[in-house]
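The values are calculated or read from the model by the stated rules, or taken from the named source; none is laboratory data. The structure presented is a predicted model; accordingly, all values stated were derived computationally and were not measured. Neighbour counts run over all protein chains shown; Cβ positions are idealised from the backbone, glycine included.
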Amino acid sequence: MCNLYASTRPPQAIVQAADAMVVDPAIGNLQPQEGIYPDYTAPIVRHGDQGRTLAMARWGLPKPAFALKGKKVDSGVTNVRNTDSAHWRRWLGVPHRCLVPWTRFSEPGRTAEGKYEPVWFEMADPDVVPFFAGLCIAQWTSVRKLKEGAVTADFFAFLTTEANAEVGAVHPKAMPVILTTAADIETWLMADWADARHLQKPLADGCLRRLAPD
């Protein structure tokens, strides 16, 4: 699963591609994030009181109750696959859908010596501003870290699906659901789930480029 990605485009490019706006001046000065890990705060485009806005949220939706039995910490779920689950169904409606801007994402790979090494992917067309198909919730209270205690914050995750050719060569089980067109963005943010669910599919082969190791 993708548990590391980067978001380095300026806010102006993100809101233009998403037909959104910047309400919080601090987000208008958003700095590039080269490495976003689970529970990091990152930008999303979501529905707000003033319309479609760029906001910040922590990466990882709450875990299902069965996964928290005997646990003191809810570290969150970064990738959502089973949208038939009752746990996720409550957040599949339009109010909870969001866009997660990214410029490159990684999947777990191995070196020749068998050591873990992330393999990075980006859009083959550099002019495309892509988004992950995300879900978000506002003002959820949970304990993410024992030393932090209970916190109330906004959280997000994004959908995954079967891997396409490029990602499947590294991680055949899954890849993020990627939106690249204005039509798909509108469908994801505004359509009934019966229509939006069809976007949970792999990006077409050839649309991603695997980056060479550093």
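The table below gives the values:
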item: Unmet criterion (only one of (1) assigned to a loop (DSSP other than H, G, I, E, B); (2) small (Gly, Ala, Ser); (3) over 22 Å from Tyr37 (Cα atoms)) for Ala212; result: (3)
item: All positions within the stretch 125-146 that are among the small types (Gly, Ala, Ser) and over 19 Å from the mean Cα position of the chain (by Cα); result: Ser142
item: Flag for Ile44 being buried (at least 17 other Cβ atoms within 10 Å of the Cβ), assigned to a helix (DSSP H, G or I), at negative phi and touching a residue at least 40 places away in the same chain (Cβ under 8 Å); result: no
item: Selected residue (criterion: nearest to Asp195 (Cα to Cα)) from residues of the stretch 69-113 that are of a type in the set (Phe, Trp, Tyr) and touching a residue at least 60 places away in the same chain (Cβ under 8 Å); result: Trp102
item: Given (1) of a type in the set (S, T, N, Q); (2) in a strand (DSSP E or B); (3) touching a residue at least 24 places away in the same chain (Cβ under 8 Å), index of the condition Gln139 fails; result: (3)
item: Meets criteria (touching a Ser or Thr at 6+ places or on another chain (Cβ under 7 Å), assigned to a loop (DSSP other than H, G, I, E, B) and aliphatic (A, V, I, L, M)) for Val128; result: yes
item: Subset of the stretch 56-67 that is at pLDDT 95 or above and out of contact with any Cys (no Cβ under 7 Å at 6 or more places or on another chain) - its residue that is farthest from Asp24 (Cα to Cα); result: Lys63
item: Residues of the stretch 107-124 that turn out to be assigned to a loop (DSSP other than H, G, I, E, B) and either polar (S, T, N, Q) or in contact with a Lys or Arg (Cβ under 9 Å, 6 or more places away or on another chain) (or both), as a count; result: 2
item: Of all residues making up the stretch 175-200, the number that are in contact with a Ser or Thr (Cβ under 7 Å, 6 or more places away or on another chain) and over 17 Å from Val100 (Cβ atoms); result: 2
item: Boolean, Leu159 is aliphatic (A, V, I, L, M), crowded, with 22+ Cβ neighbours inside 10 Å and more than 23 Å from Leu4 (Cβ to Cβ); result: no
item: Top-ranked residue of the stretch 156-174 - restricted to ones that are among the small types (Gly, Ala, Ser) and out of contact with any Ser or Thr (no Cβ under 7 Å at 6 or more places or on another chain), ranked as nearest to Ser142 (Cα to Cα); result: Ala163
item: Any hit, the stretch 53-71, residues being assigned to a helix (DSSP H, G or I) and closer than 29 Å to Ala169 by Cβ; result: no
item: Residue that is modelled with the highest pLDDT, among those in the stretch 8-22 that are part of a loop (DSSP other than H, G, I, E, B) and crowded, with 16+ Cβ neighbours inside 10 Å; result: Arg9
item: Filter result for the condition that a residue is modelled with pLDDT of 95 or more, over 19 Å from the mean Cα position of the chain (by Cα) and not polar (S, T, N, Q), over Ala204, Ala165, Ala196, Ala212; result: Ala165
